[in-house]
Amino acid sequence: MAALVAATALAGCTPQPSSLVAPRQAATSSSPASPAVREVVFGIDRLIGGFNPHTLADLTPLSAAVAGLLLPSAFHQTTAGQWVIDHTLLDSAGVTRTEPFTVTYRIRRNAQWSDITPIAAEDFSYLAEQMRSQPGVVDSAGYQLIDQVISRDGGETVEVVFDRPYAGWRTLFQDLLPAHLLKDAPGGWSKTLDSGVPVSGGPFTMTTVDRSRGEMVLERNDRYWATPAQVDRIRFRQGSQAALVDALHSGGAQAALFSRPDAITESLLRTAGPGVTSTVVPQPALVSVVLRPASTVLRDQRVRTAVAAALDRPALIATGVASGPSAALRADSEVLAPSALGYHATMPAAGIPARPDPATMRRLLTDAGYTLGQAGWERAGRPLRLVVAAPADREPYGTIAARVADQLRTVGIDAQFREIDPDELFGTMLGPTVDGGPPRGGAAEVTAPAGASPATANADGNPPGVDIVVAPQPAAGHPASQLASWYGCPLVVPAKLAPAPPNPANLCDLTLQPVIERALTQDDPAGPLPPTVEAALWNLAVSIPLYQPASLLVTTGQLLNVAPGTPLEGPLDGAARWEFRR
């Protein structure tokens, strides 16, 4: 049956799929000297989402993996956690002034996009502007510290002036985007890269994205100025797990990426035969349940903590990992991922959220004025209703969010589950929705950023939008930047710059904020975060991390030099060095 699937179907849900057949050779001319095209067939289980690696909406394993092959970066992260300059893009980069704190980048004269436009200061400026002004971006805090980006030497020299010293500056300007194409494009930041990446500044170019056929093609970038890729083409083909494993066994694919491997995946791979190697590749995110203070119900810390006490975290983790390799990456820290250097558990060993606590839930809801009636928890005749959301078509988030809603309904909380288009969810619905007043009950002051507009209540008394969201929480790069981006208030910036959007939870704890900002500007970019920060975050009951998802990179003996990078660099790191075994 698996062979039949592999021969007839690339994608389980596509109407006209193509086959996972042996690598296709280029048509030869009459000259016998015409070389065959060196094409790698790379199986994938899902071809979903857009290709902007800086947005939560597009934070998928494939998008992150492909970005490193198409988009240039100032620095790269090594497996030892160090940040090293990418000399294919830059001649040099370093701190050139301390007052004000200034970093100067000198771009190689021959660095260019595949349409022959030079990679220039404009690309740095565009990325910085978008990252500090757009909602739903990945790790914006470092960019919020930028005062201005100055172009010199015709765009070949970039001076980035910061509002204050920033030790994590090397983590910025990864995956630069082509400003000359995106800045005035319809749809701009959030939509232009939905259908593909129009030009490349890396060893490959994207030539085809055919979602109906479940196929994407990267060709070697002949205008790449550095060492050319060893293979001519990588053809990504979507298929069911059984089809992918059969193709690996038969030689129809040389490699495959399983974005959400489970026990069935591992069972199938045991039938693939010798010569097939599997590597677990942690993704640069945590799967987290976010209880948003932006909700007029959950802005009361008593209610947030009660909801957290109602959740069965171990069951949610089991639902998400599905007995796959992610089961070994349980996230018991609010900031660091289990795969990160220096990771250690900070979650309280007992109590909330380690396990459900029905007694505490009932006590806190009663303290907040709710009573348990036949129809569930209510206050002043109105039921306690919560909207639990997840980005549509982004598993496992939808499955876990549905389970969250089920758990809440079981204890008498009226919970509605919604799957929402990722661009709408992260770009619009997770924006500021509270009136900015102080929370009811709770030790910490949790407020909306200045300028937040009041929420308009629905008929049931709750605000429109989302109360709880199951979403990817970025967890790679500079730890203090992750902390400030996910939990911090928008940083105070010079008057000429617009304030940044709030974090997805709309959390702004004025007691914790000074500690977050000190961590952001500390001298050691890899230094440990203050232990008091983790304790305070667990107590706030805003974000409940579950686990770090992991992909499974599977290769056959046909390919040489395959070695995935760090979670931030992704499973295709080094694909330009792949070679066929002779």
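The values are calculated or read from the model by the stated rules, or taken from the named source; none is laboratory data. No experiment lies behind these values; they were computed from the predicted model shown. Backbone-built Cβ (ideal geometry, glycine too); neighbour counts: all protein chains shown.
Observations on the structure shown:
- Any hit, the range 205-218, residues being within 30 Å of Arg581 (Cα to Cα) and outside any strand (DSSP E or B): yes
- The sole residue among Ala350, Ala315, Ala359 that is hydrophobic (A, V, I, L, M, F, W, C), closer than 20 Å to Thr305 by Cβ and modelled with pLDDT under 95 is Ala350.
- Qualifying residue in the range 283-301 (condition: part of a helix (DSSP H, G or I) and more than 30 Å from Arg235 (Cα to Cα)): yes
- Residue pairs whose Cβ atoms lie under 9 Å apart, sitting 6 or more positions apart in sequence or on different chains, and linking a residue in the range 554-572 that is free of Cβ contacts under 8 Å to residues at least 12 places away in the same chain to a partner that is crowded, with 24+ Cβ neighbours inside 10 Å, do not occur here.
- Residue match in the range 157-169 (condition: under 25 Å from Ile116 (Cβ atoms) and not assigned by TED's automatic domain parsing to the domain that holds Leu430): yes
- Members of the range 233-280 that are in a strand (DSSP E or B) and over 18 Å from Leu47 (Cα atoms): Thr277, Ser278, Thr279, Val280
- Residues being in a helix (DSSP H, G or I), crowded, with 22+ Cβ neighbours inside 10 Å and over 19 Å from the mean Cα position of the chain (by Cα) - total across the range 118-132: 3
- Considering (1) closer than 16 Å to Glu569 by Cβ; (2) buried (at least 17 other Cβ atoms within 10 Å of the Cβ), the lone condition that Thr79 does not fulfil carries the number (2).
- Considering the range 71-87, and only residues there that are in a loop (DSSP other than H, G, I, E, B) and of a type outside the set (Ser, Thr, Tyr), the residue that is farthest from Gln174 (Cα to Cα) turns out to be Ala80.
- One residue from Leu257, Leu269, Leu248 being of a type in the set (A, V, I, L, M), in contact (Cβ under 8 Å) with a residue 24 or more places away in the chain, under 21 Å from Leu59 (Cα atoms) and in the same structural domain as Ala575 (by TED's automatic domain parsing): Leu257
- All positions within the range 539-560 that are surrounded by fewer than 21 Cβ atoms within 10 Å (Cβ to Cβ) and farther than 12 Å from Ala255 by Cα: Asn539
- Once the range 302-341 is narrowed to residues that are in contact with a Ser or Thr (Cβ under 9 Å, 6 or more places away or on another chain), polar (S, T, N, Q) and outside any loop (DSSP other than H, G, I, E, B), the residue that is surrounded by the most Cβ atoms within 10 Å (Cβ to Cβ) is Thr305.
- Residues of the range 276-325 classified as more than 19 Å from the chain's Cα centre (by Cα), more than 30 Å from Pro383 (Cβ to Cβ) and small (Gly, Ala, Ser), total: 4
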